[in-house]
Amino acid sequence: MRMTVRGARLLHADRPGVLRPGLYEVRVGPDGRIARISPDGAAADPSAPPAAGVLVEADGGLLTAPFVEPHIHLDTALTAGDPRPNASGTLWEGIACWSARKRTLTREDVVARATEVLRWQAAQGVLHVRTHCDVTDPQLTALDALLEVRERVREFMTLQITAFPQEGILSFPDGEALLRAAVARGADVVGAIPHFEDTREDGVASLGIAFAVAEEHGLRVDAHCDEIDDEHSRFVEVLAALALRSGLRERATASHTTAMGSYGGAYSLKLQRLLARSGIGLVANPFANLNLQGRFDAYPKRRGLTQVKEMLAAGVNVAFGHDDVMDPWNALGTGNPLQTALVGLYAAQLTGADEIPEAYAMVTDRAARILGLTAAEYGIAEGAAGSFVVLPAPTPTEAIRRQVRPRYVVAHGKVVAQTPPAPTLLSWPGEEPAEVDFGRPHGEQGELP
Ligand code: FE2
């Protein structure tokens, strides 16, 4: 055995947020895969062999599959303030800042910044990442850099690179050729930005090109789609119809779709049915869109989020993404998935008792479906990859509420990050200094003695 984890709480595989009763022991074999999951301790399972390999004590903490980041921009990350800060915080000033910064890109610069953010993500338990990479650059500098980074981290992280035509496929000189060149060099996913194209017809045609390229190369599609407050921006229906007709279905994703936050009831109902039939996934990015949308509105002011709650209820797979990390569109962020889940669940009003654990699924299992991770690559089951997080919290809801960092991050049976407990001691009047754990005095359920 490579590793034995003792005393872990586990979730039901198909019921978000619902714990299996009792504590478990998880063993990872020499091949880096989960070899055995059994009730914890010899008393519970006398047939269990003695612990072997590296011993990890979960202390009743939750063990789940690692976090998955379905939408980030590693090529723009960590450029905030360079060459100048985005003083207004708006999308348009951000584009102007990035346009100036983009002219100074070098391979070493992109490698260094992307690697640093991936280090932050791994430290916080994110082991599967889909990044978008601007390919409206005749040199494809950032793409080449990210392809290099993808190989460097392959041993313990999945990095999917989306060829993202930030300035358009048809509205940028040689946009289609650059998209195709990016795919030829090794991009994993085909992007598009239909609402940014010059005309509606160009937008529709650009999605046609993205799907054609994806089908030719056996790739997935992930478009920045309807990231605008204009309620007439309706490219998500085009993307869903193409996903249905091409058979790409769940291999296609519409990211952002903020215009959906402005659609009326009749059209929304039509869309819910179409999206559910199509099988496509949605990625909502609460940090970027709470900030960037609604800037033209007087009060009442829209907050620019897609229809998260309604689409989940309709059976559509929806995940939360971080999007920008310290770049011209978001000066903050550390790539923390539990921060994304917290902000996302408040933004989408997923505050019902059963909805909060759903937000955890949106940065784990649901995001894994967006990336297309297989049962062998992702999940807590015998035979699956021995990659997981062990949290200092007993439930998904508590992990989000307390904003914990994983006690252990494990990739293929090897500890890649560990965060020792950092207790806060409070000297309350009349009492000896005591640790504050932010738990209720009567336990997780709040039961009275
Ligand atoms: Fe984005």
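Quick notes on this one:
Results for (1) more than 16 Å from the ligand (Cβ to nearest atom); (2) of a type in the set (Val, Ile, Thr); (3) open to solvent by 10 Å² or more (accessible area, probe 1.4 Å), shown as yes or no for each residue.
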residue: VAL135; (1), (2), (3): no, yes, no
residue: ALA142; (1), (2), (3): no, no, no
residue: GLN160; (1), (2), (3): no, no, yes
residue: THR199; (1), (2), (3): yes, yes, yes
residue: GLU215; (1), (2), (3): yes, no, yes
residue: GLU231; (1), (2), (3): yes, no, yes
residue: ARG234; (1), (2), (3): yes, no, yes
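- Matching option when the condition is touching a strand residue (DSSP E or B) at 6+ places or on another chain (Cβ under 9 Å), under 22 Å from LEU312 (Cα atoms) and open to solvent by less than 80 Å² (accessible area, probe 1.4 Å), among TYR408, TYR378: TYR378
- There is no residue in the range 265-281 that is within 16 Å of the ligand (Cβ to nearest atom) and open to solvent by 10 Å² or more (accessible area, probe 1.4 Å).
- Condition met for ALA210 (in a strand (DSSP E or B) and open to solvent by less than 60 Å² (accessible area, probe 1.4 Å)): no
- Condition broken by ILE95, with the remaining ones in (1) open to solvent by 30 Å² or more (accessible area, probe 1.4 Å); (2) over 19 Å from HIS322 (Cα atoms) satisfied: (2)
- Hits in the range 44-63 - residues which are open to solvent by 10 Å² or more (accessible area, probe 1.4 Å) and either on the phi > 0 side of the Ramachandran plot or not in a loop (DSSP other than H, G, I, E, B) (or both): GLY53, VAL54, LEU55, GLU57, ASP59, GLY60
- Checking the stated criteria, VAL204 turns out not to satisfy the condition of being at pLDDT 95 or above, of a type outside the set (Lys, Arg) and open to solvent by less than 20 Å² (accessible area, probe 1.4 Å).
- Some residue of the range 299-320 being farther than 24 Å from GLY265 by Cα, open to solvent by less than 10 Å² (accessible area, probe 1.4 Å) and at pLDDT 95 or above: no
- The range 316-331, residues that are more than 12 Å from the ligand (Cβ to nearest atom) and within 11 Å of the chain's Cα centre (by Cα): VAL318, ALA319, PHE320
- Screening the candidates THR79, THR104, THR131 for the property of being in a loop (DSSP other than H, G, I, E, B) and either touching a residue at least 24 places away in the same chain (Cβ under 8 Å) or open to solvent by less than 10 Å² (accessible area, probe 1.4 Å) (or both) yields one hit, THR79.
The values are calculated or read from the model by the stated rules, or taken from the named source; none is laboratory data. Because the structure is predicted, anything quoted here is derived from the model rather than measured. All Cβ positions, even for glycine, are placed from backbone atoms using ideal geometry, and neighbour counts span all protein chains on display. Remember, those area values only see protein heavy atoms, side chains included, never the ligands or the DNA or RNA. Shrake-Rupley method; radii C 1.70, N 1.55, O 1.52, S 1.80 Å.
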